[in-house]
1. Are any residues in the stretch 30-48 hydroxyl-bearing (Ser, Thr, Tyr) and assigned to a loop (DSSP other than H, G, I, E, B), and if so, which ones?
2. Can you work out which of the residues in the stretch 58-75 that are loosely packed, with under 14 Cβ neighbours inside 10 Å and in a loop (DSSP other than H, G, I, E, B) is modelled with the lowest pLDDT?
3. In the stretch 1-15, what count of residues is obtained for those that are under 17 Å from the mean Cα position of the chain (by Cα) and in a loop (DSSP other than H, G, I, E, B)?
4. Go through (1) loosely packed, with under 12 Cβ neighbours inside 10 Å; (2) touching a residue at least 60 places away in the same chain (Cβ under 8 Å) for Glu15 and report which single condition fails.
5. Pro37 passes all but one of (1) surrounded by 13 or more Cβ atoms within 10 Å (Cβ to Cβ); (2) of a type outside the set (Val, Ile, Thr); (3) more than 16 Å from Phe14 (Cα to Cα); (4) at pLDDT below 95; which number fails?
6. How many residues does the stretch 18-34 hold that are among the small types (Gly, Ala, Ser) and loosely packed, with under 13 Cβ neighbours inside 10 Å?
7. Would you please list the contacts, defined by Cβ atoms under 6 Å and residues six or more apart or on different chains, that run from a residue in the stretch 63-89 that is closer than 15 Å to Val20 by Cβ to a residue that is surrounded by 13 or more Cβ atoms within 10 Å (Cβ to Cβ) and aromatic (Phe, Trp, Tyr)?
8. Filter the stretch 76-96 for residues that are polar (S, T, N, Q), exposed (fewer than 13 other Cβ atoms within 10 Å of the Cβ) and either outside any loop (DSSP other than H, G, I, E, B) or in contact with a helix residue (DSSP H, G or I) (Cβ under 7 Å, 6 or more places away or on another chain) (or both) and give the result.
Amino acid sequence: MTTIQLNFRRVAGFEDRYIVSDHGEVFSLRRGRLLKPYIHPQVGHVYVQFNWNGKSRYFRVSDLVIKAFVSHKVKKVRHKDGNKTNNHLSNLEIIYEMENNVR
């Protein structure tokens, strides 16, 4: 049996409600379960829905991972392998505006 080590960090702005793993799983602290991922049909990115104060909002999982483990100031993220559903920290890299315009 193989054991996988997951590292979790709190999601900025929702520290008391959600944590995200370096593998791209998002966990609700209030409900005690993983959030169900949603793959956007047009863009292919994975999203999760956060609910608070009677409102809901979708967040891109790759953004949550990179902001929790690298820097909360990151604006653009790229998947190294091109697979937008692979949100493992080792597969994500920051794209700076100049690089983004060249691609």
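1. none
2. Going residue by residue through the stretch 58-75, those that are loosely packed, with under 14 Cβ neighbours inside 10 Å are 58, 71-73, 75.
Okay, now just the ones that are also in a loop (DSSP other than H, G, I, E, B), so 71-73, 75.
Numbers: Ser71: 81, His72: 74, Lys73: 77, Lys75: 80.
Out of the qualifying residues, it is His72.
3. Going through the stretch 1-15 one residue at a time, the tally reaches 7.
4. That leaves (2) as the condition not met.
5. Status for Pro37: all satisfied but (4).
6. Result for the stretch 18-34: 1.
7. Listed pairs, sorted by first residue: Leu89/Phe69.
8. Ser90
The values are calculated or read from the model by the stated rules, or taken from the named source; none is laboratory data. Since the model is a prediction, treat every value here as computed from it, not as a measurement. Every residue, glycine among them, receives a Cβ derived from its backbone with ideal geometry; neighbour counts consider all protein chains shown.
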